[in-house]
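> Following this message is one structure expressed as structure tokens.
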Amino acid sequence: QVHLVESGGGLVQPGGSLRLSCSASGRIFRIDDMAWHRQAPGKQRELVATINSYGSTNYADSVKGRFTISRDNAKNTVYLQMNSLEPEDTAVYYCYIQGLRAYWGQGTQVTVSS
């Protein structure tokens, strides 16, 4: 079985930074796209950033210039570097990996507040 473990969430002040990590363990035979989604209270889940097997990235307009997604294929890990955080970034962040099938992380809470 494949299990995604997320880490790096927490409480940070506006303007601060956090780095989220998501590592896949278990019998995973291929990984294509990796992504981060988030869901804030009372809002629909939204796609934050994606990165494909060749390193090409896409970002939601709301995070462009502030967030950076990256991956380490040898470690089956995807990262999300979040800078200049705003209260509007407060949400549960979910890791997503697409291989032969789709896998989701358990979610990690990011709270931006003074």
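The values are calculated or read from the model by the stated rules, or taken from the named source; none is laboratory data. This is a predicted model, so every value here is computed, not measured. Using ideal geometry, Cβ is built from the backbone for each residue, glycine included, and neighbour counts are taken over all protein chains shown. In case anyone asks, the SASA skips ligands and DNA or RNA and just uses the protein heavy atoms, side chains included. Shrake-Rupley method; radii C 1.70, N 1.55, O 1.52, S 1.80 Å.
> Where the second residue is of a type outside the set (F, W, Y) and the first is at pLDDT below 95 and lies in the range 37-61, which pairs have Cβ atoms under 6 Å and are six or more apart or on separate chains?
Short answer, once both residue conditions are applied: S53/D32.
> Please go through the range 19-30 and pick out each residue that is surrounded by fewer than 20 Cβ atoms within 10 Å (Cβ to Cβ) and of a type in the set (A, V, I, L, M).
Here is the first cut: in the range 19-30, the residues surrounded by fewer than 20 Cβ atoms within 10 Å (Cβ to Cβ) are 19, 21, 23, 25-30.
Scanning the range 19-30 gives a single hit, I28.
The rows are residues; the columns are (1) within 19 Å of S7 (Cα to Cα); (2) open to solvent by 70 Å² or more (accessible area, probe 1.4 Å).
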residue	(1), (2)
H37	yes, no
P41	no, yes
N52	no, no
V63	no, no
S70	yes, no
V78	yes, no
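> Considering every residue within the range 74-91, establish whether at least one is in a helix (DSSP H, G or I) and either of a type in the set (V, I, T) or at pLDDT below 95 (or both). Lay out the reasoning, then the answer.
At the first step, the residues of the range 74-91 found to be in a helix (DSSP H, G or I) are 74-75, 87-89.
This time we only want the ones that are either of a type in the set (V, I, T) or at pLDDT below 95 (or both), so: 74-75.
Among the residues of the range 74-91, at least one is in a helix (DSSP H, G or I) and either of a type in the set (V, I, T) or at pLDDT below 95 (or both), which makes the answer yes.
> Of Y59, Y54, which residue is within 14 Å of the chain's Cα centre (by Cα) and aromatic (F, W, Y)? I'd like the intermediate steps shown before the answer.
Working: Y54 fails: within 14 Å of the chain's Cα centre (by Cα).
Just one listed residue meets the conditions, Y59.
> Taking Q13 as the residue in question, decide whether it is within 14 Å of the chain's Cα centre (by Cα) and surrounded by fewer than 18 Cβ atoms within 10 Å (Cβ to Cβ).
So Q13 does not fit the description; no.
> I would also like to ask the following. crowded, with 19+ Cβ neighbours inside 10 Å and touching a residue at least 40 places away in the same chain (Cβ under 8 Å): is that true of G99 in this structure?
Numbers: crowded, with 19+ Cβ neighbours inside 10 Å: no; touching a residue at least 40 places away in the same chain (Cβ under 8 Å): yes.
Spelling it out, it is not the case that G99 is crowded, with 19+ Cβ neighbours inside 10 Å and touching a residue at least 40 places away in the same chain (Cβ under 8 Å).
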